[in-house]
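The values are calculated or read from the model by the stated rules, or taken from the named source; none is laboratory data. These numbers come from a predicted model, not from an experiment. Please note: Cβ atoms are built from the backbone with ideal geometry, for glycine as well, and neighbour counts cover all protein chains shown.
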Amino acid sequence: MIELSIVVVSWNRCDLTLSCLAAAEAAADLLSEQTVQIILVDNGSEDKTAEQVRSLHPSVALIALDRNYGFARGANIGADRAGGRVILFLNTDAIIQAAVCEAALAHLAASPKTAIVGPQLLHQSGRLQNSAHAFPSLLDELVPAWLIDWMWPGRRPAKRAVGSMPRRVQAVQGAAIFVRRAVFESLGGFCQDYFFYLEETDLCWRVRECGQVVELLPGHSVVHQSGSSSKAVVPVASRIEYHRSLYRFLRTRSGRGAEWVALSVRVLRGALVVLGLSLFSFAGEGVRRRLRERSALLSWHLRGRPASAGLKGASVDGPSG
């Protein structure tokens, strides 16, 4: 019987995908007590990812899609092929190790109420990365994070781990999450209304709604090259897609009024940021690059948030729309 299925969804970063799969295969080889299955769902990459995987990683179950269907749908397609008791959804820019898999499997076996666990994420330098977060809310849009922490201590859980003991959180970051397959299937998988970003947050919400627990394992870490995948290839499209997912999450979980307020606040804030960057555009290419990105994001808002813009319409050369 398969104990663990590792599902990776790739899009246009062959180098990251190959490194991710090599680490996953090495981890699987060391998990002598468990049977591990590795599945790659390639979202229509234009950089010969599928061909390279067939050649260099023939043991990986490859599902090559004809175009970019987004992370949620790609992950669901991979999960449909998964036979493991637990599914690890792993980003291409994350490097997994056998010890993390062993710890997650053992914790889930010993904690029947826990449906999702996530490891502590690290930068390549070893510096701690945000690994858990609170659910997006209207309060977060209206009040600065530092003020929330001062006025309501503990309302937002510490994003970086303290100590090594497992702790309950609202949601874990989606770079590497272990999910009980039975729970995942009972919830219908990831909501495919999210093309990219916050699909794991929505899943954590639904897991908690049905009385299950989400936990962070701060004593076990995964190196995550944050921002090395879609953010690096198409930064403007990535910003647009994040905002689209944020508004969808707020509309679904807090109502259209919350969505409208968040939209208004972000448009006003975006206009002020663009104005400020414009005044300092002489300061160098870094400022001008940020100005171009923020201007494109503001333009998308002002044009009524067209569906043609974002990662769904992007390519390796940049976003369309």
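Kindly evaluate Arg269 against the criterion of being assigned to a helix (DSSP H, G or I), in contact (Cβ under 8 Å) with a residue 12 or more places away in the chain and at negative phi. Can you show your working first?
On the way: assigned to a helix (DSSP H, G or I): yes; in contact (Cβ under 8 Å) with a residue 12 or more places away in the chain: no; at negative phi: yes.
Judged against the criteria, Arg269 is not a match.
Considering only residues that are part of a helix (DSSP H, G or I) and modelled with pLDDT under 80, which ones fall in region 303-321?
Lys312, Gly313
So that you can scan it fast, the table gives a plain yes or no per residue for (1) among the basic types (Lys, Arg); (2) free of Cβ contacts under 8 Å to residues at least 40 places away in the same chain; (3) more than 28 Å from Gln97 (Cβ to Cβ):
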site: Arg181; (1), (2), (3): yes, no, no
site: Gly219; (1), (2), (3): no, no, no
site: His243; (1), (2), (3): no, no, yes
site: Ala258; (1), (2), (3): no, no, yes
site: Ser264; (1), (2), (3): no, yes, yes
Residues of region 4-35 satisfying the condition of being under 19 Å from Ala175 (Cβ atoms) and outside any helix (DSSP H, G or I)
Leu4, Ser5, Ile6, Val7, Val8, Val9, Ser10, Trp11, Asn12, Arg13
In region 71-85, what residues are among the small types (Gly, Ala, Ser) and surrounded by fewer than 21 Cβ atoms within 10 Å (Cβ to Cβ)?
Gly83
So which residues in region 106-119 are in contact with a strand residue (DSSP E or B) (Cβ under 8 Å, 6 or more places away or on another chain) and either surrounded by fewer than 22 Cβ atoms within 10 Å (Cβ to Cβ) or at pLDDT below 95 (or both), if there are any at all?
His107, Leu108, Ser111, Lys113, Thr114
For Leu246, all conditions in the list (1) in contact with a Lys or Arg (Cβ under 9 Å, 6 or more places away or on another chain); (2) surrounded by fewer than 19 Cβ atoms within 10 Å (Cβ to Cβ) hold save one; what is the number of the exception?
(2)
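Can you tell me which residue is surrounded by the most Cβ atoms within 10 Å (Cβ to Cβ) among those in region 86-102 that are more than 18 Å from Gly174 (Cα to Cα) and among the small types (Gly, Ala, Ser)?
Residues of region 86-102 that are more than 18 Å from Gly174 (Cα to Cα), as a first pass: 98-99, 102.
Next, only the ones that are among the small types (Gly, Ala, Ser) stay: 98-99.
Details: Ala98: 18, Ala99: 14.
So the residue we want is Ala98.
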Filter region 207-226 down to the residues that are in a loop (DSSP other than H, G, I, E, B) and of a type in the set (S, T, N, Q), then identify the one that is nearest to the chain's Cα centre (by Cα).
Ser226
The residue from Ser45, Ser10, Ser59, Ser19 that alone is buried (at least 23 other Cβ atoms within 10 Å of the Cβ) and either in contact (Cβ under 8 Å) with a residue 12 or more places away in the chain or under 25 Å from Thr114 (Cβ atoms) (or both) is Ser10
